[in-house]
Amino acid sequence: MIPTNEVFDFSMCNPPFHDSIQSAQQGSVRKWKNLGKSDNFLNEKPVTNFGGQGEELWCEGGELTFILKMIKESSEIPHQVKWFSTLVSKEQNLSKIYARLKLARAKNWHTIDMSQGQKKSRIVAWTFRVV
């Protein structure tokens, strides 16, 4: 938690996207194959994601569970951070995220869509302050 005497303008999160180590490994295999790497290449290299390690890549319940917990925790410190934000990889999670933001009494939230090549993701940002 943030000490009660500290205030921040912005918080940014890149949550773990997978719900298990197996899911993370399958995602990595899919990425390597999309890059045209052969099965032999996949067998020669350890199959891990490009930038993350271990529990940075997965948590029980995956991205949605992690973000819903983050929203709950952010509602406990509504005046210590002006804007909270998180990357959201799975579009199907947005409706549950918006419902939780409403339940948590966020005053405002925005979604920024992003894409690069075949990869599509988005950032969801919210505040408990009137803007």
Subset of K31/K102; K33/K96; K72/K107 violating a 24 Å alpha-carbon distance limit: K31/K102; K33/K96
Projected label distance in nm at Q26 and R129, using a 7 Å step from Cα toward the beta-carbon: 4.2 nm
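The numbers here are math on the coordinates, done by the rules we state, and not lab data. All of these numbers come straight from a predicted model, not from anything done at the bench. Backbone-built Cβ (ideal geometry, glycine too); neighbour counts: all protein chains shown.
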